[in-house]
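Report on one structure; see the data block that follows.
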Amino acid sequence: QVQVVESGGGLVQPGGSLRLSCAASGSIVGFNNMGWYRQAAGKPREWVAQISSVGDTNYSDSVRGRFTIARDNAKNTVYLQMNSLQLEDTAVYYCNYRAMGYNEWGQGTQVTVSS
């Protein structure tokens, strides 16, 4: 079993920055992908970014150039550095852990961008 816990959300003004963290624990598989998704009120969940266990990264067009995903394999933790935040980045951000036999989600952390 794998548990995933996010942290770091909050309220920020447009143009500001936040860093989200996601810690995975339990039966961690060496080869895995971890990623971030988000869901704004009244909208479906959308993929934001992902990183493989060897550090390969991918970003959605809406965040590329503003968000950076990184991971610390020794801590089984993935980070999402969010810069130049915009009103439309407001959402609940979910961390996802995916490996052979696992597709686990965290409980989500709220990010609100507002002036």
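Using the Kirkwood radius built from alpha carbon pairs, what does the Stokes-Einstein equation give as D for the chain at 10 °C and 1.306 mPa s, in µm² per second?
Value of D from the Cα-based Kirkwood radius: 113 µm²/s.
Evaluate the distance, in nm, between pseudo-label points positioned 7 Å from the Cα of PHE31 and of GLU88 along their respective Cα→Cβ axes.
Here the answer is 3.7 nm between the modelled labels.
State the extension gain, in nm to one decimal, for the chain segment bounded by VAL5 and ARG66, taking 0.36 nm per residue of separation less the distance between their alpha-carbons.
Taking 0.36 nm per residue and subtracting the Cα distance, the gain is 19.6 nm.
Percent relative contact order of the chain, based on C-alpha pairs within less than 8 angstrom and at least six residues apart?
Working: 282 pairs, mean separation 42.5, N = 115.
RCO, the chain: 37 percent.
Using the Karplus curve 6.51 cos²θ - 1.76 cosθ + 1.60 with θ = phi - 60°, work out ³J(HN,Hα) for each residue of region 96-102 in order, rounded to whole Hz, and write x for Gly and Pro.
Whole-Hz 3J(HN,Hα) from phi for region 96-102: 10, 10, 10, 8, 3, x, 10.
Using the Karplus equation 6.51 cos²θ - 1.76 cosθ + 1.60 (θ = phi - 60°), what ³J(HN,Hα) coupling, rounded to whole Hz, does each residue of region 69-79 give in order, writing x for Gly and Pro?
Here the 3J(HN,Hα) series is 9, 8, 8, 10, 5, 5, 9, 6, 10, 10, 10 Hz.
Express in nm, to one decimal, how much length is gained between GLN13 and SER52 on full extension, taking 0.36 nm for each residue of separation and deducting their alpha carbon distance.
11.0 nm
We did not get these values from a lab; they are worked out from the coordinates using the rules stated. None of the values given here were measured: they were computed from a predicted structure. So basically every Cβ, Gly included, is an ideal-geometry build from the backbone, and we count neighbours across all protein chains shown.
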